[in-house]
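The values are calculated or read from the model by the stated rules, or taken from the named source; none is laboratory data. Keep in mind it's a predicted model, so treat the numbers as computed, not measured. Please note: Cβ atoms are built from the backbone with ideal geometry, for glycine as well, and neighbour counts cover all protein chains shown.
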Amino acid sequence: MSTPLLRLAALALCLAAGPVLAQVAEPDDYRMENYRAPVPATLQGATVVDAASVETLIRGGPVVVIDVLPQPPRPDKLPPGTLWRPPERRDIPGSVWLANTGYGALSAEMEATFRDALAALTLGDRARPLVFYCDAECWMSWNAARRAVAEGYTAVHWFPGGVEDWTAGGRPTLPNAPLPVK
């Protein structure tokens with residue numbers, strides 16, 4: 001085989017194998033910045049799931065599905081009295097939007113909100129399955145799932161594909177509002 005044909009054959013094999021995903025190491029601590037970036041394939045103490053697995057978990061119930069995407073803040077420069085509506089968030093049906101709990105460092109108030117919400121949502125059952133997600137390639141769901149593992153929850157599932165993976169399979173979403181913070 002000639003050199004151009006060998007190169008063409010090698011290229012065809014590479015393309016047939018699909019995209020090569022970056023290998024991201026699981027960090028020793030929470031991700032503190034650059035939350036929209038490639039994520040690791042693992043999360044120690046949790047099960048990594050895809051959309052089909054999330055669907056199976058929901059059908060098998062009871063499971064608590066939690067979106068941790070931050071709620072967009074009201075723009076600082078809006079004049080007082082100006083009506084502002086945050087953009088609509090569409091979520092996996094039945095999921096709870098526990099906004100702003102996926103940052104690497106949480107305030108004491110937000111830590112308490114996270115702990116209290118998980119206790120209420122699981123009815124105090126640390127073995128109840130939990131699924132954490134946000135958007136694809138978003139470290140916030142990884143951080144929140146890791147935080148749940150650290151809190152002693154034993155059936156933590158991390159869904160790194162998020163809403164994009166969910167909807168890519170033709171699955172529905174519904175508008176959602178963040179869980180009120182005390």
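A few points about this structure:
- Filtering region 58-89 to residues that are of a type in the set (A, V, I, L, M) and farther than 21 Å from PHE114 by Cβ leaves ILE58, LEU78, LEU83.
- Qualifying residue in region 74-90 (condition: surrounded by 11 or more Cβ atoms within 10 Å (Cβ to Cβ) and at pLDDT 90 or above): yes
- Residue identified as at pLDDT 95 or above and either assigned to a loop (DSSP other than H, G, I, E, B) or surrounded by 15 or more Cβ atoms within 10 Å (Cβ to Cβ) (or both) among VAL54, VAL24, VAL20: VAL54
- A Cβ distance below 7 Å, combined with a sequence gap of six or more or placement on separate chains, defines the contacts here; from region 78-95, residues that are under 20 Å from VAL163 (Cβ atoms) reach residues that are acidic (Asp, Glu) in the pairs ASP91/ASP67; SER95/ASP67.
- Selection within region 31-70 - over 23 Å from LEU179 (Cα atoms), hydroxyl-bearing (Ser, Thr, Tyr) and touching a residue at least 24 places away in the same chain (Cβ under 8 Å): THR47, SER53
- Any hit, region 92-103, residues being in contact with a Pro (Cβ under 8 Å, 6 or more places away or on another chain), farther than 22 Å from ALA41 by Cα and small (Gly, Ala, Ser): yes
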